[in-house]
Amino acid sequence: MKILVTGGAGFIGSHLCERLLQDGHSLAIVDELNDFYSIEEKRANLEAVRQAGDCLFQAAAVEDQAAMSALFAAAQPDAVIHLAARAGIRPSLTQPLLYERANVRGTLVLLEAARQAGVRRFVFASSSSVYGAANQVPFHENDDSLRPISPYAATKIAAEKLCYTYSHLYGLSVACLRFFTVYGPRQRPDLAIRKFMERIEAGKPITVFGDGSMGRDYTYVDDIVNGIVAALDDEAPFDIFNLGNSSPVPLLDMVRAIEAALGKEAQIDWQPEQPGDVPITFADISKARVRLGYAPATPFAEGLARQAAWLRSRR
Ligand SMILES: NC(=O)c1ccc[n+]([C@@H]2O[C@H](COP(=O)([O-])OP(=O)(O)OC[C@H]3O[C@@H](n4cnc5c(N)ncnc54)[C@H](O)[C@@H]3O)[C@@H](O)[C@H]2O)c1
């Protein structure tokens, strides 16, 4: 299949692209290589992808309509997997318009290009943050009382709605996948596991917000990639799937598990809870299990050990 991946130089995107090449797909990648974190790191991610096979790469912003029209004409994709986004929650509180442009306009530009190019399948990377301060756990896709508490989360809901509209109006087959805190080698440097690992490894204190009870449904990146690949083959007109681990880990247990993975003790600087942080994320994954055969299989300790090994291999 000819597949266009947006955000392919990023954390999840680079793992996905390697897998798609290994599976024999023909691949085009678009990524603007922005400086949300080190561009060198993104180039290294792309280099890892290139080791897995040849692909077309274009450095462009997904909200650039002319660039996307030209790219779709050149790549003629059967399917689009749209991962490119401004992804951090906290910076979205200070730069909401930047998030709106990349995450909402960017998604609409791609949907429109996909419609015009007759794309068969569109897979969109959404987020567990859309549930926000939801009062029903575990989170279920049928819950329509979404209460986003960050501009980032609101942009993901807006993008999901645009996906629905394009499916309804134009018959574009779309899956929106709500990822739950993804971790593993190449994890984004703004995410807690990566930050904590680097600081504990360097003997520096870590800042823990709240009382340590905040739960996150950490999901290993290979499990997420399996879910994305499975969603590619589903042909339903429109669906939303949770891709999580369905086993939330309290923050303090996460710190203890990192200590075990590194064989080092953390010094903790306790700070009050931050605005935008939700108390828990917890995925009900029964829909993805039944429909996609999604079955996350990486124990937390093993995933952390792989991430720790990657961190040490970079030195
Ligand atoms: N990592 C997680 O825990 C997590 C959880 C929920 C949802 N997600 C979603 O998954 C997707 C991938 O996340 P990630 O953690 O790999 O992030 P990432 O930042 O590592 O990857 C995103 C990539 O998209 C590119 N990009 C950003 N804005 C762009 C734009 N306007 N045009 C073109 N390229 C652009 C970036 O340069 C980057 O390489 C994102 O949509 C994110 O919102 C991630």
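The values are calculated or read from the model by the stated rules, or taken from the named source; none is laboratory data. On a predicted model such as this, the values are computed, not experimentally measured, just so you know. Using ideal geometry, Cβ is built from the backbone for each residue, glycine included, and neighbour counts are taken over all protein chains shown.
The table for this structure:
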{"quantity": "The one condition in (1) within 14 Å of the ligand (Cβ to nearest atom); (2) of a type outside the set (S, T, N, Q); (3) surrounded by fewer than 22 Cβ atoms within 10 Å (Cβ to Cβ) that C163 fails to fulfil", "calculated": "(3)"}
{"quantity": "Condition broken by L46, with the remaining ones in (1) touching a strand residue (DSSP E or B) at 6+ places or on another chain (Cβ under 8 Å); (2) more than 23 Å from L191 (Cβ to Cβ); (3) free of Cβ contacts under 8 Å to residues at least 60 places away in the same chain satisfied", "calculated": "(2)"}
{"quantity": "First in region 153-166 and at positive phi, second anywhere and crowded, with 20+ Cβ neighbours inside 10 Å, Cβ under 9 Å, 6 or more apart", "calculated": "none"}
{"quantity": "Which listed residue, of E235, E259, is among the charged types (D, E, K, R) and part of a helix (DSSP H, G or I)", "calculated": "E259"}
{"quantity": "Filter result (in a helix (DSSP H, G or I) and aromatic (F, W, Y)) within region 39-80", "calculated": "F72"}
{"quantity": "Matching residues in region 41-64 - criterion: being of a type in the set (D, E) and either at positive phi or more than 12 Å from the ligand (Cβ to nearest atom) (or both)", "calculated": "E47, D54"}
{"quantity": "Number of the condition not met by P275 [criteria: (1) more than 30 Å from S173 (Cβ to Cβ); (2) modelled with pLDDT under 95; (3) touching a strand residue (DSSP E or B) at 6+ places or on another chain (Cβ under 9 Å)]", "calculated": "(3)"}
{"quantity": "Subset tally (residues that are near the ligand (Cβ under 9 Å from one of its atoms), among the small types (G, A, S) and modelled with pLDDT of 95 or more) for region 85-104", "calculated": "3"}
{"quantity": "Number of the exception - T281 against (1) of a type outside the set (A, V, I, L, M, F, W, C); (2) surrounded by fewer than 20 Cβ atoms within 10 Å (Cβ to Cβ); (3) touching a residue at least 60 places away in the same chain (Cβ under 8 Å)", "calculated": "(2)"}
{"quantity": "In region 175-229, the residues that are farther than 15 Å from S127 by Cβ, within 15 Å of the ligand (Cβ to nearest atom) and assigned to a strand (DSSP E or B)", "calculated": "G215, Y220"}
{"quantity": "Every residue from region 1-38 that is more than 6 Å from the ligand (Cβ to nearest atom), within 18 Å of the chain's Cα centre (by Cα) and in a helix (DSSP H, G or I)", "calculated": "S14, H15, L16, C17, E18, R19, L20"}
{"quantity": "Enumeration of residues in region 105-133 that are within 15 Å of the ligand (Cβ to nearest atom), hydrophobic (A, V, I, L, M, F, W, C) and either surrounded by fewer than 21 Cβ atoms within 10 Å (Cβ to Cβ) or within 20 Å of Q274 (Cβ to Cβ) (or both)", "calculated": "L108, V109, V130"}
